[in-house]
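The values are calculated or read from the model by the stated rules, or taken from the named source; none is laboratory data. Note that this is a predicted model, so its numbers are computed, not measured. We place every Cβ from the backbone using ideal geometry, glycine too, and count neighbours over all the protein chains shown. The accessibility values were calculated without ligands, DNA or RNA, using every heavy atom of the protein model including side chains. Shrake-Rupley method; radii C 1.70, N 1.55, O 1.52, S 1.80 Å.
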2 protein chains.
Amino acid sequence: MEFFDRAETWSREEIERVQLVRLRNTVQQASGSPFYAARLKEAGIAPADIRSLDDLRSVPPTTKNDLREQYPAGLVAVPREQLVRLHASSGTTGAPTVVHHTQNDLNSWADLVARSMYMVGVRPDDVFQNTSGYGLFTGGLGIHYGAERLGCHTIPAGPGNTKRQIKFIRDFQTTVLHIIPSYALYLGAALEEEGLSGAELPCRVALIGAEPHTEEIRQRIEQMLGLKAYNSYGLSEMNGPGVAFECTHQTGMHVWEDAFIPEIVNPDTLEPVADGEVGELVMTTLCRQGMPILRYRTRDLTRFLSGECACGRMHRRIDRILGRADDMMIIKGVNIYPMQIEQVLMGFPEVGENYVIELVSEDFIDQLTVKVEIRDGYFVEDMRVLTGLQKAIVRQLRDEILVTPRVDLVQTGSLPKSEGKAVRVIDRRGKE
Amino acid sequence: MEFFDRAETWSREEIERVQLVRLRNTVQQASGSPFYAARLKEAGIAPADIRSLDDLRSVPPTTKNDLREQYPAGLVAVPREQLVRLHASSGTTGAPTVVHHTQNDLNSWADLVARSMYMVGVRPDDVFQNTSGYGLFTGGLGIHYGAERLGCHTIPAGPGNTKRQIKFIRDFQTTVLHIIPSYALYLGAALEEEGLSGAELPCRVALIGAEPHTEEIRQRIEQMLGLKAYNSYGLSEMNGPGVAFECTHQTGMHVWEDAFIPEIVNPDTLEPVADGEVGELVMTTLCRQGMPILRYRTRDLTRFLSGECACGRMHRRIDRILGRADDMMIIKGVNIYPMQIEQVLMGFPEVGENYVIELVSEDFIDQLTVKVEIRDGYFVEDMRVLTGLQKAIVRQLRDEILVTPRVDLVQTGSLPKSEGKAVRVIDRRGKE
Ligand SMILES: [Zn+2]
Ligand SMILES: [Zn+2]
């Protein structure tokens, strides 16, 4: 077993010992910012009060709203001339959220990304094609610097332009892709259209992230592109990519606990959930100087996976992102996450890549409709076959979400395709 | 006087001594690539034959077409695993041109950009907003790495989204911009629309490049944005930005001759032109390992400026880019460059930012029409005033280009605006 960083070989005790030292430093460092100086004072917490990892729970959480209110630099904890980079959210509503980095911050971020890539077998002689958008979005520059740290031959392709992506993959013999799941499926479909199969591509590994997706989607990506696809988790508030990453065992994502402290809490009570239970991921930076963040509420839903990973790393694993705390739909009083519906749909081999969830209210009663594309080979003339399939999907969905949906089967290509992130939920309730 | 790099203080003798050593190394290094191995053998040139800088002239030039034919990697001179980055042209026609870099190549490129920025007063405590596109285009990552090397607080804003650019400039107190001239004018106009003046902006310096433009355009940018604008020259085949750059005296761009050998030749005969005469710039890399290029025909037109610069740097200066060898229009048998027309137009204070050059053939005779936007304050009702202005423009254009154009004066806003590179010449000849 080869490791990129010694921290990958630490025992639980070593991890937690380092975490405590770094947490104390981080609380100290954070209190150099106007925001945390006030927030910690208000909560009556001095850096010296952090005597164990459990003491972190006394620190009030930080929300996206806090970041917005502190725009542009209220969380910055160093003199301005030490800052060398900022990243900002696209911020469709209200102030953008901004993260400022020092050179040390960028270096340790690049190390975390390089470590993640190395973990799944990426090496300096690989050719790495980055299909993420560059600029303010962290997926581009974040992964780019990691690949460069590793020494890969990096193609900063950026998003879109699928014909050129395929041309570059073939001409430069790309072995590693960074790609969001919906675009991976789109690329796979484009390959099929050109009469190419994934097996003919030189790609060996795909790093997939930025979008919640199911195990079935991952397997479909692996089959379409002829490679192994590894889940990546990150968010710009915690740098970007390189927060948690799957190892080759593909059994959940190891959180880089030498650089972050993850908690999973009940979004309503903020109490920790039982191990294995789904809750909101809360993250604390441990190595950041420019803008440390304490107990950031990510709004991402996941759970800790129990047991030890076969790879030997003791960094705790989280499940794939199971949705956004904000994506929760309340239908007939029941909490439902779109991911639950996707998971059921993708279990049917007849179901294609595209589906749409529509919510309407008819006579004040919520109606859930799921429109599903059926693969060409399965879209047969015999109505009885289709009706049987449709009933089976309704039944399995009802069992999963406890609400009976309407299911429409449609032909491949009749739902809108997207090159970017898929928008799969359309809520028309109260809008008719 | 402060310098970023000792090479900025070299005498002519030192520059040329280093050039000769590096040129020999470069020819040796280049002959490790399949392309130059064959090309140099064919020309009967061994690295040892380079005994003086003049011997460079015996080396056959390299063209864009050579780069295209050698796609994807025929000019690569190192083992593949040493490559860490590639940049590629957008390549609207034919194969893209690709440049492959080693880590050393990226480091020396970043040093050249950092040196250029330092030369015009940019320092680590500056806030630097990069409005270039990232990804495969070299203007984005190229300048970004230089700014980071210098230690500026870098905002990787990317192109477009003008409202957000202005918001960031104000919120983050941006002091240095990297911006193409046409977008600088667009940004200036957008500022005016928001009722802001350049003097209210925190920006002190703009690095402008990538588009040929006149001295008048520069002055207009400086006035609209309330800053000093410095010309930058680069092309992806020679890394990208950081090839030649203006010092604070704004009297031409110093070519970083410790990293490149510039020649200016007659595009037809390839003979060197007399000092001060306009010709095609031909460039040789001196520090590149991954993909050295010998005598690259840039197709860019410029001239060497004579005399010593007041800044004391002995690196030779070239004039702003006066056009593309390919942009040359032949009208009624006369060679005309669009830049000549722009230069005349911008001399008139009544003339706005936008103009369009249209070429049509009427009864087999070329007709040149220049449509010019007139600033609001000058677009008066009195036809005699406008007619006088129109005649003056016709006269000055005829004196400059030796062809009598038709000149149409139009109101501000009636010609199409562009957020990106301006397309100013429309050739309809033979298309009606
Ligand atoms: Zn593992
Ligand atoms: Zn000078």
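Numbers at a glance
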| item | result |
| --- | --- |
| Protein-only accessible surface order, largest first, of B:T404, B:T63 at 1.4 Å | B:T404, B:T63 |
| Rough spin-label spacing in nm, given labels placed 7 Å along Cα→Cβ, for B:V403 and B:K167 | 4.6 nm |
| For B:A206, residues with placed amide H under 5 Å, excluding near neighbours | B:L177, B:K228, B:A229, B:Y230 |
| Principal-axis tilt of helix B:12-30 within chain B, Cα atoms, nearest 10 degrees | 70 degrees |
| Solvent exposure, largest accessible area first (probe 1.4 Å, DNA, RNA and ligands not counted), of B:F348, B:F364, B:F4 | B:F364, B:F4, B:F348 |
| The stretch B:319-413: GluC sites (Glu not before Pro) in DSSP coil with no more than 13 other Cβ atoms inside 10 Å | B:E381 |
| Sparsely packed GluC sites (Glu not before Pro) within the stretch B:242-281, loop by DSSP, other Cβ within 10 Å at most 14 | B:E277 |
| Neighbourhood net charge (11 Å Cβ-Cβ; Lys/Arg +1, Asp/Glu -1) for B:T102 | +1 |
| Cα-centre dipole for chain B with unit charges at Cβ (Lys and Arg positive, Asp and Glu negative), debye to 20 | 740 debye |
| Normalised alpha carbon radius of gyration of the stretch A:328-427 [divisor 2.2 N^0.38 Å] | 1.06 |
| J(HN,Hα) series, the stretch A:50-65, from Karplus relation 6.51 cos²θ - 1.76 cosθ + 1.60, nearest Hz, glycine and proline x | 7, 9, 8, 4, 4, 5, 4, 5, 7, 7, x, x, 10, 10, 4, 4 |
| Rounded D (µm²/s) - the stretch A:1-325, Kirkwood Rh over Cα pairs, Stokes-Einstein at 10 °C, 1.306 mPa s | 78 µm²/s |
| Percent RCO, i.e. relative contact order, over the stretch A:1-325, from Cα pairs under 8 Å lying at least 6 residues apart | 19 percent |
| Two-decimal Rg/Rh across the protein assembly as shown, once Rg and the Kirkwood Rh are taken from alpha-carbon atoms | 1.00 |
| Residue pairs, from the table B:K64/B:K228; A:K391/A:K417; B:K41/B:K64; A:K332/A:K391, whose Cα atoms sit over 23 Å apart | B:K64/B:K228; A:K391/A:K417 |
| 222 nm mean residue ellipticity, helices alone, for chain A (DSSP H n ≥ 4; -39,500 (n - 2.57); rounded to 500) | -9000 deg cm²/dmol |
| Residue (of A:Q223, A:I357, A:G242) at the positive-pole extreme of the protein assembly as shown, dipole from beta-carbon charges | A:G242 |
| Helix B:181-193 vs. chain B, principal-axis angle (Cα, 0 to 90°, nearest 10) | 40 degrees |
| DSSP loop trypsin sites (Lys or Arg not before Pro) with at most 14 other Cβ within 10 Å excluded, longest remaining stretch of chain A | A:52-331 |
| Neighbouring partner chain Cβ atoms per residue of B:129-137, average, 10 Å criterion | 5 |
| Extension gain from B:I330 to B:D54, taking 0.36 nm per residue of separation minus the Cα-Cα distance | 96.0 nm |
| Cα-based shape type of the stretch B:244-288, given that a ≥ b ≥ c are square roots of the gyration tensor eigenvalues and the cut on a/c is 1.5 | oblate |
| For residues of B:182-193, the mean tally of beta carbons on other chains within 10 Å | 0 |
| Hits among aspartates and glutamates - C-alpha to C-alpha of A:K163 under 17 Å, sequence gap 8 or more where chains match | A:D171, A:E192, A:E193, A:E194, A:E200, A:E419 |
| Computed label-point distance, nm, for sites B:T63 and B:S306 using a 7 Å Cα→Cβ extension | 3.2 nm |
| Rounded to 10°, Cα long-axis angle of helix A:162-171 versus longest principal axis of chain A | 70 degrees |
| Computed FRET value (nearest 0.05) for A:Q411 with A:E194, which takes r as the C-beta separation and R₀ as 25 Å | 0.70 |
